[in-house]
Amino acid sequence: MRSMANPVLIGTKEVADLLGISRAQVNRRVIAGKLTPLGEFGKRGIRVFVLADIEALAAKENAK
């Protein structure tokens, strides 16, 4: 069982793979407010996401 105090984090590429979209589409969803990263780190603003949130979103999108 995962602890929500220490969620598993993934990057943009992993999000894209799980959702079946490109990294550019992930970035567009973030800009549009349709996808929210946990945070951005470093000079390049690397985005990280909570794996459980992305898995839930993928399941919801695949159910359509």
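The values are calculated or read from the model by the stated rules, or taken from the named source; none is laboratory data. In this text the structure is predicted, and so the values were computed from the model without any measurement. Using ideal geometry, Cβ is built from the backbone for each residue, glycine included, and neighbour counts are taken over all protein chains shown. With ligands, DNA and RNA removed, areas are computed over all heavy atoms of the protein, side chains included. Shrake-Rupley method; radii C 1.70, N 1.55, O 1.52, S 1.80 Å.
Determine ³J(HN,Hα), in whole Hz, for all residues of the stretch 42-53 in sequence, where each value follows from phi through the Karplus function 6.51 cos²θ - 1.76 cosθ + 1.60 and θ = phi - 60°; x replaces Gly and Pro.
With the stated coefficients, the stretch 42-53 comes to x, 5, 8, x, 5, 8, 10, 10, 7, 3, 4, 5 Hz.
Can you tally the lysine pairs in the chain where the Cα-Cα distance is under 22 Å and the two residues are eight or more apart, or on different chains?
Close lysine pairs found across the chain: 5.
With all pairs of different alpha carbon atoms counted, what Kirkwood hydrodynamic radius in Å does the chain show? Display every interim value, and only then the final one.
Values: mean 1/r = 0.0821 Å⁻¹.
In the chain this quantity evaluates to 12.2 Å.
Return a whole-number percent for the relative contact order of the chain, with Cα pairs under 8 Å and 6 or more residues apart as the contact set.
37 percent.
With a 1.4 Å probe and every protein chain kept in, tell me what percent of the accessible surface of the chain is carbon plus sulfur.
54
Over the chain, give the accessible area per residue in Å² for a 1.4 Å probe, as an integer. Before the final figure, lay out the partial values.
Details: 4730 Å² over 64 residues.
Heavy-atom accessible area per residue stands at 74 Å².
What's the magnitude of the charge dipole for the chain around its Cα centre, counting Lys and Arg as +1 and Asp and Glu as -1 at the beta-carbon? Answer in Debye, nearest 20. Mind dumping the intermediate values first?
Details: 11 positive and 6 negative charges, 52 e Å.
The dipole magnitude comes to about 260 debye.
Pop out the ³J(HN,Hα) list for the stretch 20-28 in order, Karplus 6.51 cos²θ - 1.76 cosθ + 1.60 with θ = phi - 60°, rounded to Hz; leave Gly and Pro as x.
x, 10, 7, 4, 4, 5, 4, 4, 5
Return the FRET efficiency for the residue pair GLN25, ILE46: r is the Cβ-Cβ distance, R0 is 22 Å, and the value is rounded to the nearest 0.05.
Calculated value: 0.80.
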